[in-house]
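Reviewing the structure listed below.
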Amino acid sequence: MEQDACDRCLALSQLTVYLAKIPVLRHGEVEKDDGGEPVVLRPPLVADAAGLAPHPAQLARATVGVSEHRARSFAVELRDWSADAMREAAWKAGLTVLCSCSPSYPAPLHDLADEPPVIYVRGDLALLGRCPDHAISMVGTRHPTVTGRNASRRIAAGIGRTGGVVVSGMALGIDAAAHEGALSVGAPTIAVLASGADLATPGSNRKLYGQILDAGAVVSEMPPGCRPFVWGFPARNRIIAALGTVTVVVEAPIKSGALITVEQAMDLGRDTYAVPGSLASDVSEGTNLMLQEGAGAVIDGAHLAGHLLDRDSAPRPEAPAGGPEAAIHAALTNGPLSSAELGHRTASSLAAAELDDVLLDLELAGWVARRPDGRYRIVDRYRP
């Protein structure tokens, strides 16, 4: 595993963790220092530490707006800090470490005004080399409708089948569905976390985290073992926006972290797309507003990816990789079949109770389509 990060950048990465402990107060609120004097606090930005050498006293002074007592406590914590120890911790966690000084650092992150000083990667490092030109970012609400979840999976599957890399945040809801859609067609996907890249967050997505590592990569600017802070979620959204050539929002209410990603993408000069939603649905208010304000509309991931990406730049799967999906796909190569006929032809490899679920997964992923007569067929444009 590559550990290509200089001491200074590693120190700034550690400073990010210390700054994250500062309370972020609402407008007009203040924190009192030990002498009762008001202390103005604001969300921490790594840019505040630009130009500092990795020395505890200098790093402590980067904590603008921090009381003297808090600054002293940071200095004590930093006194025993070691860049080599941080590299070793990353190595033990199975992480590759790249700093902004490194030629291996992901190029699109240099487009950010506040680029992360260090990126920690677990999984396929080479996948970052396909960003942003061959990657599409997908985000949305953590509380989607069934329609939104299925749309996210279907669009991501289309992107993956066309040779694209899906980038998302592995959050519950739309993000997780996007990763699942890409994985369902054997395509790689990149998860950007607000925690350390060695932690499956949220914990309920631990299985998905493992699947992403098998086929893609997990990325974070936070050091190994770091739990997510509240401000870390909008902060990681800028990385999601930077890694994709465009950003697609599936479902998002007016006040949504997904729309922060949209703002970041627009700041970077990247185009944004939205999936149209019901006018009666709160979770579609944000996406419908995006469309009203000029965002592109997307209903087909393969069409979007085929339009945006170089289709010949990366191999794409010609059929489901294995399991019952592959058995059904193979059975349909000679023509349309009903579910009963498919059940008969795949009886040796697929229990009857599984058939409907697998057919639904294949349909959502775009491998097969249900005809008006109820029979299933392979989607012609994706046939081997």
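Taking the beta-carbon count within 10 Å as an exposure proxy, list 359, 213 from fewest neighbours to most.
213, 359
Tell me, what ³J(HN,Hα) does each residue in region 217-227 have, in order and in whole Hz, if you take phi through Karplus 6.51 cos²θ - 1.76 cosθ + 1.60 with θ = phi - 60° and put x for Gly and Pro?
Running phi through 6.51 cos²θ - 1.76 cosθ + 1.60 with θ = phi - 60° gives 8, 10, 10, 7, 8, 8, x, x, x, 7, 6 Hz.
Tell me, what ³J(HN,Hα) does each residue in region 110-120 have, in order and in whole Hz, if you take phi through Karplus 6.51 cos²θ - 1.76 cosθ + 1.60 with θ = phi - 60° and put x for Gly and Pro?
Computed from phi, the couplings for region 110-120 are 5, 6, 6, 5, 10, 4, x, x, 9, 10, 9 Hz.
Would you mind ranking 15, 172 by Cβ crowding within 10 Å, fewest neighbours first?
172, 15
Give me a comma-separated list of calculated 3J(HN,Hα) values for region 289-302, in order, Karplus coefficients 6.51, -1.76, 1.60 applied at θ = phi - 60°, integers in Hz, x for any Gly or Pro.
Values per residue, Gly and Pro as x: 5, 4, 5, 5, 8, x, 5, x, 9, 9, 10, 9, x, 5 Hz.
Based only on other Cβ atoms within 10 Å, what is the fewest-to-most ordering of 198, 114, 133?
With the fewest neighbours first, 198, 114, 133 line up as 114, 133, 198.
Between residue 92 and residue 333, what is 0.36 nm times their sequence separation minus the Cα-Cα distance? Round to one decimal in nm.
Going from the current span to full extension adds 82.1 nm.
Calculate the FRET efficiency for residue 307 and residue 340 from the Cβ-Cβ distance with a Förster distance of 45 Å, rounded to the nearest 0.05.
Efficiency for this residue pair is about 0.70.
Region 209-265 to region 106-141: how many Å between their Cα centroids?
Here the two parts' Cα centres lie 10 Å apart.
Using a 7 Å offset from the Cα along the Cα-to-Cβ direction at both residue 370 and residue 85, what is the distance between the two label points in nm, to one decimal?
Result: 5.9 nm between the two label points.
With an 8 Å cut-off on Cα pairs and a minimum separation of 6 or more residues, tell me the relative contact order of region 124-308 in percent.
Answer for region 124-308 is 25 percent.
Residues with amide H under 5 Å of residue 216's amide H, sequence separation 5 or more or different chain, H placed in the peptide plane at 1.01 Å from N; which?
Excluding prolines and chain starts, which carry no amide H, the hits are 124, 189.
Read-outs throughout are calculated quantities, based only on the coordinates presented, and are distinct from any laboratory measurement. Fair warning: this is a prediction, and the values are worked out from it, not measured in the lab. Here Cβ is always computed from backbone atoms with ideal geometry, including for glycine, and neighbour counts include all displayed protein chains.
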